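A short worksheet on the structure shown next.
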Amino acid sequence: MNNDQTRGEPSGAAGFHNWISLAGVVLAAGAFFSFLLLFAMDMRGGSSSPYLGILTFVVAPAFLICGLALMGLGWLWRRRLERRGQPGGSRSLAIDLSRPRDRRNLVLFAVGAAVFLLFSAVGSYRAFHFSESVAFCGQTCHTVMEPEHVTYTASSHAEVACTKCHVGPGPSGYIRAKLNGVHQLVATLRGNYERPVKVPPHPLPSEVTCQKCHRSDRQAGDLVRTYTHYLSDETNTVNTVRMLLNVGGGDPAEGPVRGIHWHTSSGHRIEYVATDARQLVIPWVRLTAADGKVTEFRTAKYTNDPAPEAIRTMDCNDCHNRSAHSFPAPNDAVDRAMAAGRIDPALPFVRSHAIAALTQTNETVAEGLEKIAGSLRAQYTNEARVASVIAEVQRIYTNSFFPRMQADWRAYPDHIGHKNWAGCFRCHDGRHQTADKTRKLGASGCNDCHKIIAQGSGESLAKVEWGGMAFVHPEPSSEGSDPDCFTCHTGGP
Ligand code: HEC
Ligand code: HEC
Ligand code: HEC
Ligand code: HEC
Ligand code: HEC
Ligand code: HEC
């Protein structure tokens with residue numbers, strides 16, 4: 001290259017022979033390199049963070065565009081100088097290796113370019129790992145994801161990365177997750193996200209999430225479970241129920257194919273339609289047996305046929321929907337703290353006061369904590385034990401109430417059981433039957449899912465009957481009034 005060649009030739013490839021355009025080339029090359037690297041890591045990784053898409057498809061291309069723009073800018077700038085008869089813009093690029101200055105510049109430029117490429121590679125790699133991490137999902141969007149992050153930390157799945165459960169299978173899951181990630185970031189930056197965050201519209205496909213770690217047909221058999229509750233009376237009367245939960249299993253080699261885990265064992269399929277976003281109302285259920293026989297159950301009011309796209313196949317998350325993010329109801333959280341000795345049951349009315357303190361209306365956590373202390377202190381003046389009650393109730397509040405996101409047990413129903421929410425009774429309420437009314441959806445009696453083996457307190461609780469006994473409701477006036485426990489029990493005061 002020499003000056004004579006370029007002078008008076010403002011357009012064409014030679015127009016890029018200037019430092020600005022060259023810097024643009026390096027930037028664009030770096031960005032393209034990062035893009036390829038991110039894309040490859042992402043593909044290889046299989047399950048990846050939805051937010052990585054922002055780097056791969058937004059940030060890297062943005063740098064690429066900047067690089068290209070810089071190239072063009074250099075070209076324009078040089079053409080302007082040339083038009084004015086000032087070839088100076090290009091002179092610096094008339095590289096003559098016999099000149100020390102040019103040699104030095106070239107070496108500097110080459111080293112700079114190499115370092116830049118290296119940084120973009122290392123940067124992409126680190127960004128990839130960061131965007132995969134729990135810290136990124138749970139803490140970067142601090143306010144928005146705080147409820148899910150805090151409840152996750154308290155769950156059995158605290159060591160399972162968010163992306164393990166939240167990115168669906170195959171290319172469609174990948175692309176959907178990327179698009180969602182970009183969409184969510186924009187919504188977060190603009191502050192126009194939903195409070196509380198909605199339950200995912202496409203529930204997680206459990207065959208590729210849960211079943212990576214859990215076998216669907218494993219025989220769990222009868223599990224012994226103990227539920228300890230207290231009444232809201234002066235003495236906080238304890239009331240315990242012990243039961244054999246018929247979880248069963250689906251592998252005939254290990255035991256009879258039956259019980260609660262029968263739903264998701266292989267051979268048959270259960271489909272349903274929910275008429276609300278939180279899937280609390282299920283008026284239509286279809287059972288396709290192993291031999292292909294189809295049975296449809298519906299409630300009396302539901303007379304139309306469901307739209308095919310509204311039909312969902314039942315999986316683990318239709319019962320275990322709170323396996324990673326449980327927002328315990330205040331009643332249950334307080335009962336658990338009392339049973340664990342963290343709240344002294346000897347304090348008169350402590351259960352009802354603790355629940356009332358938890359369920360006040362607040363704008364912020366700070367306000368909530370202050371009101372808890374204030375209201376409990378007002379109930380127990382001159383009582384030394386109140387300090388520990390306040391501390392425990394405040395701990396419960398911090399872990400399960402998120403006023404800024406309006407997230408607490410009311411926003412996120414738990415589908416296991418049937419006490420505070422419809423849960424199993426969304427289908428097993430005895431009101432789902434075939435259109436000709438000849439067959440009801442089964443397993444709707446009190447002993448079909450569990451057997452109560454002991455209940456009450458003291459001596460009565462010590463008497464175990466393995467054959468099962470009828471449930472004795474602790475509040476005699478409500479005895480046998482309504483099998484739908486959740487019409488009275490809402491989890492709150
Ligand atoms: C063990 C699997 C699992 C892990 C790990 C997990 N989640 Fe979830 N997540 C779920 C399930 C199941 C739901 C509810 C889906 C449903 O009801 O259809 C959910 C729901 C959500 C929701 C919607 C709001 C709600 O509570 O229903 C958000 C937001 C969320 N998760 C964020 C996260 C974040 C952030 C992490 C990591 C800190 C994480 N999740 C880890 C399984 C998981
Ligand atoms: C990466 C592996 C992994 C994935 C994915 C996973 N789990 Fe788990 N799960 C575990 C581990 C580990 C435990 C804890 C076992 C223990 O502590 O004994 C556990 C415990 C459980 C338990 C019993 C404890 C409890 O909280 O009730 C349930 C139920 C459960 N998982 C359901 C699910 C469901 C539903 C999904 C899919 C949304 C899922 N798991 C996804 C590994 C996983
Ligand atoms: C029809 C509702 C329902 C479905 C569907 C369901 N489960 Fe469960 N599962 C339960 C109940 C109820 C329990 C017992 C809960 C308890 O311990 O209080 C349970 C217990 C468990 C446990 C703990 C069992 C043990 O041995 O300690 C695991 C793990 C589990 N389920 C995983 C799964 C997985 C994975 C799937 C999907 C393949 C699934 N469940 C589908 C209702 C269900
Ligand atoms: C989406 C509807 C739906 C939900 C929700 C549901 N089930 Fe079922 N369940 C069914 C259907 C359908 C059958 C088959 C009934 C029949 O053949 O009559 C069934 C059967 C059963 C059986 C008998 C299995 C056997 O053959 O041994 C048990 C036990 C059971 N369910 C327990 C539960 C429990 C516990 C829950 C809640 C944790 C629950 N179900 C939630 C639809 C549902
Ligand atoms: C379709 C299955 C099913 C039927 C039918 C059923 N239950 Fe349950 N029940 C469950 C499951 C599952 C749990 C455990 C929930 C959990 O693990 O938190 C439960 C829990 C309970 C508890 C303990 C709740 C607590 O927190 O103290 C009582 C009491 C109870 N059932 C009573 C009854 C009575 C009474 C009937 C009959 C009107 C009945 N159940 C019918 C599935 C069923
Ligand atoms: C007509 C309303 C009503 C119905 C229906 C009802 N309960 Fe209750 N239940 C009450 C009242 C009121 C109390 C006393 C609450 C208190 O003292 O705080 C109570 C107390 C309890 C308690 C002990 C305290 C607590 O809050 O846990 C349990 C356990 C219980 N009920 C289980 C059930 C189950 C299971 C069902 C469904 C089979 C059911 N109840 C149906 C009104 C009802």
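When ligands, DNA and RNA are left out and all protein chains stay put, how many square angstrom of accessible area per residue does region 418-493 have with a 1.4 Å probe? Walk me through the numbers on the way to the answer.
On the way: 4620 Å² over 76 residues.
Solvent-accessible surface per residue comes out at 61 Å².
Can you figure out the FRET efficiency of Thr487 with Leu106, using R₀ = 56 Å and their beta-carbon distance, to the nearest 0.05?
Details: r = 82 Å, r/R0 = 1.46.
According to the calculation, E is roughly 0.10.
Name all residues of region 251-274 having a backbone nitrogen under 16 Å from the label point set 7 Å from the Cα of His320 along its Cα→Cβ direction, giving them as ranges.
Flagged as within label range: 251, 260-266.
Which distance in Å, rounded to a whole number, links the C-alpha centroids of region 454-493 and region 257-282?
27
Can you give the FRET efficiency to the nearest 0.05 for Arg410 and Ala462, using r as the Cβ-Cβ distance and R₀ = 22 Å?
Details: r = 37 Å, r/R0 = 1.67.
The value I calculate is 0.05.
Show which lysines lie in cross-link reach of Lys440 when reach means a straight Cα distance below 23 angstrom and same-chain residues fewer than eight apart are skipped.
Lys293, Lys301, Lys419, Lys451
I need the calculated FRET efficiency for the pair Ala387 and Glu254, taking r as the beta carbon distance and R₀ as 60 Å, to the nearest 0.05.
Values: r = 51 Å, r/R0 = 0.86.
Efficiency, rounded to the nearest 0.05: 0.70.
Stretch Ala289-Glu271 to full length: gain in nm at 0.36 nm per residue minus the Cα-Cα span?
Full-extension gain reported as 5.3 nm.
Write down the radius of gyration of region 330-405 and its Dmax, each obtained from C-alpha positions, in Å.
Rg, Dmax (Cα atoms, Å): 11.5, 36.
Roughly how many Å is it from the Cα centre of region 355-382 to that of region 387-412, as a whole number?
Result: 11 Å between the Cα centres.
Ranking request for peptides 429-436, 301-308, 227-234: highest mean number of other beta-carbon atoms within 10 Å first, then the rest in descending order. All intermediate terms of the calculation are to be shown ahead of the outcome.
Values: 429-436: 14.2, 301-308: 10.2, 227-234: 16.2.
Final packing ranking: 227-234, 429-436, 301-308.
If ligands, DNA and RNA are left out, what is the accessible area of Arg218 with a 1.4 Å probe, given in Å² to the nearest 10?
Rounded to the nearest 10, that gives 130 Å².
If the cut-off is a Cα-Cα distance under 23 Å, which lysines reach Lys212, setting aside same-chain residues fewer than 8 apart in sequence?
Excluding near neighbours in sequence, the set is Lys164, Lys178.
What helices does the chain have that are whole DSSP H segments, at least 18 Å long along their own axis by Cα, and with mean Kyte-Doolittle hydropathy of 1.6 or more?
Values: long enough: 19-45 (38 Å, 1.64); 60-83 (35 Å, 0.58); 100-132 (48 Å, 0.52); 170-190 (30 Å, -0.04); 365-379 (21 Å, 0.08); 386-400 (21 Å, 0.44).
Answer set is 19-45.
Just the number, please: carbon plus sulfur as a percent of the accessible area of the chain, 1.4 Å probe, no ligands or DNA/RNA counted. Write down the numbers at each step before the final one.
Working: 16300 of 26920 Å².
Taking all protein chains in place, the chain shows 61 percent carbon and sulfur surface.
Given only helices, namely DSSP H runs of n ≥ 4 each adding -39500 (n - 2.57), what is the per-residue ellipticity at 222 nm of the chain, to the nearest 500 deg cm²/dmol? Could you put the intermediate results ahead of the total?
Details: 14 runs with 188 residues, N = 493.
That comes out to -12000 deg cm²/dmol.
Treating the chain as a set of equal point scatterers at the Cα positions, no solvent, please give the Debye-formula log₁₀ I(q)/I(0) at q = 0.10 Å⁻¹.
Cα-only, vacuum Debye calculation for the chain: -0.91.
On a full-extension model of 0.36 nm per residue, what is the gain between Leu117 and Ser156, subtracting their alpha-carbon distance, rounded to one decimal in nm? Write out the running numbers ahead of the final one.
Details: separation 39, 0.36 × 39 = 14.04 nm, distance 4.20 nm.
Value of the extension gain: 9.8 nm.
Given a 1.4 angstrom probe, what's the average accessible area per residue across region 330-405, in square angstrom? Display every interim value, and only then the final one.
Numbers: 3510 Å² over 76 residues.
Normalised by residue count, the accessible surface of region 330-405 is 46 Å².
Which whole-number percentage describes the relative contact order of region 254-333, with Cα contacts under 8 Å and a sequence gap of 6 or more?
27
The values are calculated or read from the model by the stated rules, or taken from the named source; none is laboratory data. Worth saying up front: this structure is predicted, and the values here are computed from it rather than measured. No Cβ is skipped: glycine too gets one built from the backbone with ideal geometry, and neighbour counts run over all protein chains shown. We work out accessible area using only protein heavy atoms, side chains counted, and drop any ligands, DNA or RNA first. Shrake-Rupley method; radii C 1.70, N 1.55, O 1.52, S 1.80 Å.
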